[in-house]
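What follows is a single structure, written as structure tokens, with notes after it.
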Amino acid sequence: MKPSAVDAVIRGLKKAGVSIVCYLPDSLFKELYPALDADPDIRTIRVTNEGEGAAICGGVFLSGKRAALVMENSGLRASVEPLARMGLGAGIPVVMLMSYRGELGENNWWAIPHGITMEPVLNALRIPYRIVTEEEKIERAIAEAFSWSYSAYYHSAVALGGSVVR
Amino acid sequence: MKRFDCMKALACRLSDELVILSLGASVDEWYNAAPHMRDASLFQQQLGCVSAQAFGLAAGLPHRRIVSLDTDGGMMFNLGILATIGNEQPHNLFIVVWDNECYQSIGGPPTHTASGRVDIAAIARGAGVTRAYTARTVEEFDGHCAEGLAAQEPHLVVAKVSGTVQPDIKRKHSDGREDKYIFVRHVERTENIVIMGPSEHN
């Protein structure tokens, strides 16, 4: 990611009032994670899998603070169980920011499943999402995902793809 | 040792704390064992994310003591949270793991701890939660409650309880959504904050 795209993500998170980010690092966002770690206004929590991160974000919601789950889109699959329980069972929302692995242009065979499953899994969970491939749309997409999730009390997602991450 | 007796001992020590709990009969037992904590308890039906949610709540409300009432099945479902708690060292999180060595709510098939080889407290210590213990009597358990509620680092107690459920207890009628609203309104009231506020007029 270019430094300007990293800045746009952090601006979006701050605009949305996020003070805690749970993440499991990946390669497409590799420049983002140290920038989040270094930001004095954001506490980062590194997790062992994304489902655990989703559950921690759910707990942060209950505290009145705002959290985001940042991950590769493969982490969506690891998060399905807590997302379904918290979102559909209790109305506890999690806002996710994920890198779009496996989209057209992907050159790693192992990332193909991530692209094929991302949208069907989001649709199965009825999670609205926006795929952002232009840097100038990042900040607004993140802020709008939070607006929606705090109206619906349900999960939402922003996937960053194209030249934003490659 | 009966889980209900342990719950009553813990309940006596609680007033301002927030509690997140797991699934199955332990939910109805806590509802009866700690009637004064009903609004302050998030009743869930979840396997594997109770202590993670409790940690998130502890991170968001660092001045408030958070109690996680987890289970052997739930903790084994997501052991990674122990490593995250071990690394993050929340100073306000007390974790109880009700270990009845079975999936009691579906009739009692054994969990991994029934073998006698799997020790959740030892796993927790290995994950960096150094204050992790196993209690086999109510007195021992109560001592850990006293310590865990005052500790300045994460404290975990595995309560080895029987697979029986307290008879004739009142069943909770609310679902997860109603429980969330009750809990959130309690947090809003006691913290003087807004979590689920009014819609905009536009």
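The values are calculated or read from the model by the stated rules, or taken from the named source; none is laboratory data. This is a predicted model, so every value here is computed, not measured. Glycine gets a Cβ as well: all are built from the backbone with ideal geometry, and neighbour counts include every protein chain shown.
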message: Taking the condition of being more than 17 Å from B:Gly80 (Cα to Cα) and either of a type in the set (A, V, I, L, M, F, W, C) or touching a residue at least 24 places away in the same chain (Cβ under 8 Å) (or both), how many residues in region B:114-130 meet it?
response: 1
Restricting region B:156-184 to residues that are basic (Lys, Arg) and surrounded by 15 or more Cβ atoms within 10 Å (Cβ to Cβ), the residue that is nearest to the other protein chains (Cβ to nearest Cβ): B:Lys180
Filter pass, B:Gly128 being modelled with pLDDT of 95 or more, within 14 Å of chain A (Cβ to nearest Cβ), under 30 Å from A:Arg46 (Cα atoms) and in contact with a Leu (Cβ under 8 Å, 6 or more places away or on another chain): yes
field: Every pair of residues 6+ apart whose Cβ atoms lie under 7 Å, when the first sits in region B:57-72 and is within 23 Å of B:Ala9 (Cα to Cα) and without any contact (Cβ under 8 Å) to a residue 40 or more places away in the chain while the second is of a type in the set (A, V, I, L, M) and buried (at least 24 other Cβ atoms within 10 Å of the Cβ)
entry: B:Ala58/B:Ile66; B:Ala58/B:Leu93
field: Condition met for B:Val187 (under 22 Å from B:His91 (Cβ atoms), surrounded by 12 or more Cβ atoms within 10 Å (Cβ to Cβ) and within 14 Å of chain A (Cβ to nearest Cβ))
entry: yes
query: Can you name the number of the only condition in (1) over 22 Å from B:Val138 (Cα atoms); (2) modelled with pLDDT of 90 or more that B:Gly48 fails?
result: (2)
Candidate set from region A:121-151 (those that are outside any helix (DSSP H, G or I) and of a type outside the set (D, E, K, R)); member that is surrounded by the most Cβ atoms within 10 Å (Cβ to Cβ): A:Val132
task: Sort out for me the helices (runs of 4 or more DSSP H) sitting completely within region B:1-106 that have 2 or more residues that are farther than 27 Å from A:Thr44 by Cβ.
output: B:3-12, B:25-33, B:72-77
